[in-house]
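All remarks here apply to the structure that follows.
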Amino acid sequence: MAQARTREVQEGSGDAFAAAFELVATPAIFGFLGWLLDGRLGTTPIFTVAFVVIALAYASWRLAHDYGQSLERARVQRQAAWRAEGSPL
């Protein structure tokens, strides 16, 4: 039982680290590409800002969407357990 709990905590912390890295790395990479494009075209940092905003919006949406799906899966599993064993209330 303790081993399963430890594995669950490790998986959760790994998922959280991956999500945090994605929220930081993706906009940084796109920002760098926008900066290179701005330098090549000689424009103001319009592409840098646009790429960062778009990447950050997408990463945030994806994180929220994945979290919503995991909550829905947990809800379905709880309902199935309640039907099988009876409501804990």
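Odds and ends about this structure:
- Enumeration of residues in segment 47-88 that are in contact with a Phe, Trp or Tyr (Cβ under 9 Å, 6 or more places away or on another chain) and more than 20 Å from residue 30 (Cβ to Cβ): 88
- Complete set of residues in segment 1-27 that are among the aliphatic types (A, V, I, L, M) and exposed (fewer than 13 other Cβ atoms within 10 Å of the Cβ): 1, 2, 4, 9, 16, 18, 20, 24, 25
- Positions within segment 35-89 being aromatic (Phe, Trp, Tyr) and within 15 Å of the chain's Cα centre (by Cα), in sequence order: 58, 61, 67
Values in this text are rule-based calculations from the coordinates and carry no lab data. Owing to the predicted nature of the structure, the values given are computational and were not obtained by experimental measurement. Positions of Cβ are generated from backbone atoms using ideal geometry, with glycine treated the same way; all protein chains shown enter the neighbour counts.
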